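The values are calculated or read from the model by the stated rules, or taken from the named source; none is laboratory data. Since the structure is predicted, the reported quantities are computational estimates derived from the model, not experimental observations. Note: ideal-geometry Cβ built from the backbone for every residue, glycine included; neighbour counts use all protein chains shown.
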Amino acid sequence: MYTLYCGNKNYSSWSLRAWLLLAHYGIPFEERMVSVSGRGVSEEHRAYSGNGLVPCLHDGDFQIWETLAIAEYLAERHPGIWPGDPLARARARSISAEMHAGFGALRGAMPMNVKLRLKGRPAAPEVQTDIDRVVAIWSEARQQFGQGGQWLFGGFSAADAMYAPIVWRFATYNVQLPAIAQAYCDAMLELPAMKLWEMGALAEKACIAECDALVAEYGGAR
Ligand SMILES: N[C@@H](CCC(=O)N[C@@H](CS)C(=O)NCC(=O)O)C(=O)O
């Protein structure tokens, strides 16, 4: 039986990715929710996670930290987490690694905040560059590999889990998207596991002041 240590559902974008894989694929797991501060690695988190961050998956008493490592660990044990076709699988891994390593401007300007729906504002150039790259990645995957379904590679895969928090960010900060990207976001927001995550986020009381302070900068609620 797996145990997933994960952060607050409203804020913890990395936790969402690992949680979504387990929840969407119906893999049994116990969830241990811990509070994140928004300030990164902490000694408190090291009590249950080797890198002092969440998510951390425990398989018995063995720990797997780092979201991509969790995805790979699960993929070795449960079918369907990466696309079956080798080229699609390679591309899914490329764009997942790109997500894991990049998009700092977008992440910094638009932290995940599931509860909020803000009016939005024009993105700074470096943020717009990240948004444009996400749109290009999604559009190319949908057009080249997505014919069999509504996800990036047709069926749901780890690549979709990697991009799921970006969907919340676009929804929260009212980012205007081309039709192909908006359709992908709409599908993601309807995914039953995403709805479950959202319900959990809406029920949470914890606040990270720095994240909630962005409300005014983005023109308040819409
Ligand atoms: N590279 C890590 C990033 C994990 C990460 O940054 N997690 C954040 C939460 S989203 C965290 O644990 N922050 C600790 C804190 O803010 O208390 C991964 O892929 O899992």
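Before moving on, here are some points about what is shown:
- From the options 79, 122, 83, residue that is in contact with a strand residue (DSSP E or B) (Cβ under 6 Å, 6 or more places away or on another chain) and either under 24 Å from residue 204 (Cα atoms) or not acidic (Asp, Glu) (or both): 83
- Which numbered condition residue 3 misses (of (1) touching a helix residue (DSSP H, G or I) at 6+ places or on another chain (Cβ under 8 Å); (2) surrounded by fewer than 22 Cβ atoms within 10 Å (Cβ to Cβ); (3) over 21 Å from residue 211 (Cβ atoms)): (1)
- Given (1) touching a strand residue (DSSP E or B) at 6+ places or on another chain (Cβ under 7 Å); (2) under 30 Å from residue 143 (Cα atoms), index of the condition residue 55 fails: (2)
- Of all the numbered requirements in (1) under 15 Å from the mean Cα position of the chain (by Cα); (2) at negative phi, residue 73 misses one, and that requirement is (1).
- Every pair of residues 6+ apart whose Cβ atoms lie under 6 Å, when the first sits in the stretch 184-210 and is surrounded by 13 or more Cβ atoms within 10 Å (Cβ to Cβ) while the second is assigned to a helix (DSSP H, G or I) and among the aromatic types (Phe, Trp, Tyr): 184/138; 185/170
- Complete set of residues in the stretch 66-75 that are of a type outside the set (A, V, I, L, M) and buried (at least 20 other Cβ atoms within 10 Å of the Cβ): 67
- Selection status of residue 218, under 23 Å from residue 25 (Cβ atoms) and touching a Gly at 6+ places or on another chain (Cβ under 9 Å): no
- Tally of residues being out of contact with any helix residue (DSSP H, G or I) (no Cβ under 8 Å at 6 or more places or on another chain) and either under 24 Å from residue 110 (Cβ atoms) or assigned by TED's automatic domain parsing to the domain that holds residue 112 (or both) across the stretch 20-35: 2
- Filtering the stretch 148-159 to residues that are buried (at least 23 other Cβ atoms within 10 Å of the Cβ) and small (Gly, Ala, Ser) leaves 157, 158, 159.
- In the set (1) near the ligand (Cβ under 9 Å from one of its atoms); (2) not assigned by TED's automatic domain parsing to the domain that holds residue 138, the condition left unmet by residue 112 is number (2).
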